[in-house]
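The values are calculated or read from the model by the stated rules, or taken from the named source; none is laboratory data. Small disclaimer: the values here were computed from a predicted structure and weren't measured. Positions of Cβ are generated from backbone atoms using ideal geometry, with glycine treated the same way; all protein chains shown enter the neighbour counts. The accessibility values were calculated without ligands, DNA or RNA, using every heavy atom of the protein model including side chains. Shrake-Rupley method; radii C 1.70, N 1.55, O 1.52, S 1.80 Å.
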Amino acid sequence: MSLSPQQQQALQTLIAQRDPLLNGLQCYVVGGAVRDTLLQLPVGDRDWVVVGAAPEQLAQRGFIPVGGDFPVFLHPRTKEEVASARTERKSGRGYKGFTFYTGQDVSLVEDLSRRDLTINAMALGTNGQFYDPLGGYIDLQKRCLRHVGQAFVEDPVRLLRLARFAARFYTFSIADDTLALAQELVQNGEVDALVAERVWQELHKALCTEHPWRMFEVLGQCGAAERILPGLVLSSEVELALARAVHAKLGPDQRFAVLCYQSAAPAQLATQLRAPSHFKDLARLLPLFLESLALPFTSTDVATALQRLDSLRKPERFRQLVAAAQCVTQSDLSHWLRAACAFASVDAGAIARSYQGQPKSIPEAVWAARLKALTTIF
């Protein structure tokens with residue numbers, strides 16, 4: 001299959017600006033930037049691979065070394081990643097169990113052959129030449145997620161990335177033999193070597209897509225969901241609530257809370273995943289708020305719930321909770337927002353000044369004033 005004129009033009013635009021730092025180097029844009037350009041999607045940062053150059057040459061040109069296991073540099077101006085072409089050999093368990101070779105004799109094809117999916121194994125030279133030795137463009141046309149080689153089964157991160165790309169490109173199918181290799185990653189125990197930070201990184205990216213549930217479907221098909229996300233309850237109710245959260249354009253932190261709302265210990269799950277604290281807080285509080293919705297909507301019950309949810313100190317977080325809860329209940333909960341405004345309208349400072357010399361009476365007086373304020377919305 002040949003590229004369309006529009007795709008050819010888009011690829012040329014990807015490397016339109018000449019960069020003097022790259023002069024004389026065999027340098028190629030690889031991976032997602034090429035893929036997304038061909039799909040006519042917005043392109044983020046470009047990742048580069050350099051063939052035939054020693055790391056010292058890149059350092060002499062001003063590239064900033066950041067690599068650990070293999071030479072990776074940042075462009076001094078664009079901060080785009082520039083890596084030496086490399087091959088890899090399995091040497092231990094997990095995604096860190098690899099030995100890398102970055103000699104100047106490593107070719108572009110060898111570098112592309114170590115990548116996860118064919119659609120991520122295309123490259124574009126600074127001269128405008130398109131390289132696709134592994135059929136990635138054909139798979140783009142077929143809308144198919146396909147592994148590059150048998151080495152897919154050696155790296156459990158590739159299972160995570162497969163599931164995340166399935167969420168991002170939800171109309172793409174997964175090749176049968178690729179799914180079989182993903183299942184093998186679970187059966188041979190490689191998936192158990194995944195660290196929480198890497199799981200969270202891919203999960204967060206999936207939550208930002210339009211169809212995040214697809215990630216969990218794929219993990220379920222592979223038998224990996226309960227191994228990677230122990231304690232997470234995946235049900236049809238959660239699926240529908242998450243779809244509503246996406247439709248409502250809620251943020252990834254709210255989507256995570258919705259994802260966890262039926263799980264027994266959402267905060268523990270967030271902690272295990274090393275999720276940021278605001279993700280953990282929303283996941284912890286959403287079930288508490290849902291419990292409050294089952295109580296009578298009286299001043300005392302509402303005030304107790306608002307205090308429990310810390311709506312006074314965290315009003316924006318409370319608004320996020322209300323929006324997330326609406327995706328679960330399919331109910332208009334705007335009256336809770338009005339209640340929170342009324343609850344916060346009480347001038348606690350003025351009350352405190354009126355009780356000078358009677359400090360023990362202040363909390364009770366403020367509470368009574370807040371209860372009275374809530375009666376205005378009933």
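The rows are residues; the columns are (1) more than 22 Å from A225 (Cα to Cα); (2) more than 25 Å from the chain's Cα centre (by Cα).
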{"position": "A283", "(1), (2)": "no, no"}
{"position": "A303", "(1), (2)": "yes, yes"}
{"position": "Q320", "(1), (2)": "yes, no"}
{"position": "C327", "(1), (2)": "yes, no"}
{"position": "A342", "(1), (2)": "yes, yes"}
{"position": "D347", "(1), (2)": "yes, yes"}
Would you check if there is a residue in the stretch 354-369 being small (G, A, S), free of Cβ contacts under 8 Å to residues at least 12 places away in the same chain and on the phi > 0 side of the Ramachandran plot? yes
Just the residues that are surrounded by fewer than 19 Cβ atoms within 10 Å (Cβ to Cβ) and small (G, A, S), please, taken from the stretch 191-239. A193, A196, G220, G223, G231, S235, S236
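Among the residues in the stretch 300-314, are any open to solvent by 20 Å² or more (accessible area, probe 1.4 Å), on the phi < 0 side of the Ramachandran plot and touching a Phe, Trp or Tyr at 6+ places or on another chain (Cβ under 6 Å)?
Here is the first cut: in the stretch 300-314, the ones open to solvent by 20 Å² or more (accessible area, probe 1.4 Å) are 300-301, 304, 307-308, 310, 312-314.
From the residues that got through so far, the ones that are on the phi < 0 side of the Ramachandran plot too are 300-301, 304, 307-308, 312-314.
Among the residues that remain, those that are also touching a Phe, Trp or Tyr at 6+ places or on another chain (Cβ under 6 Å) are: none.
No: the stretch 300-314 contains no residue that is open to solvent by 20 Å² or more (accessible area, probe 1.4 Å), on the phi < 0 side of the Ramachandran plot and touching a Phe, Trp or Tyr at 6+ places or on another chain (Cβ under 6 Å).
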Residues to consider are L290, L219, L240, L259; find the one that is part of a helix (DSSP H, G or I), out of contact with any helix residue (DSSP H, G or I) (no Cβ under 8 Å at 6 or more places or on another chain) and among the hydrophobic types (A, V, I, L, M, F, W, C). L240
Looking only at residues that are open to solvent by less than 20 Å² (accessible area, probe 1.4 Å) and outside any helix (DSSP H, G or I) in the stretch 156-177, which one is farthest from T37 (Cα to Cα)? P156
How many residues of the stretch 262-271 are part of a helix (DSSP H, G or I) and touching a Ser or Thr at 6+ places or on another chain (Cβ under 7 Å)? The answer is 1
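F279 - would you say it is at negative phi, touching a Ser or Thr at 6+ places or on another chain (Cβ under 6 Å) and either without any contact (Cβ under 8 Å) to a residue 40 or more places away in the chain or crowded, with 16+ Cβ neighbours inside 10 Å (or both)? If you could, list the steps in order and put the result at the bottom.
Details: at negative phi: yes; touching a Ser or Thr at 6+ places or on another chain (Cβ under 6 Å): no; either without any contact (Cβ under 8 Å) to a residue 40 or more places away in the chain or crowded, with 16+ Cβ neighbours inside 10 Å (or both): yes.
No: the conditions fail for F279.
If you take the residues in the stretch 114-141 that are open to solvent by 50 Å² or more (accessible area, probe 1.4 Å) and without any contact (Cβ under 8 Å) to a residue 24 or more places away in the chain, which one is nearest to L38 (Cα to Cα)? Walk me through how you get there before you give the answer.
Restricting attention to the stretch 114-141, the residues satisfying the condition of being open to solvent by 50 Å² or more (accessible area, probe 1.4 Å) are 127, 129-131, 133-134, 138, 141.
Those left that are additionally without any contact (Cβ under 8 Å) to a residue 24 or more places away in the chain: 127, 129, 134.
Working: N127: 17, Q129: 14, L134: 16 Å.
So, considering only residues that are open to solvent by 50 Å² or more (accessible area, probe 1.4 Å) and without any contact (Cβ under 8 Å) to a residue 24 or more places away in the chain, the one nearest to L38 (Cα to Cα) is Q129.
Table: residues versus (1) open to solvent by 70 Å² or more (accessible area, probe 1.4 Å); (2) outside any helix (DSSP H, G or I).
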{"position": "A325", "(1), (2)": "no, no"}
{"position": "C341", "(1), (2)": "yes, no"}
{"position": "V346", "(1), (2)": "no, yes"}
{"position": "A352", "(1), (2)": "no, no"}
{"position": "P363", "(1), (2)": "yes, no"}
Which of the residues belonging to the stretch 14-67 are part of a helix (DSSP H, G or I), charged (D, E, K, R) and surrounded by fewer than 19 Cβ atoms within 10 Å (Cβ to Cβ)? D36, E56
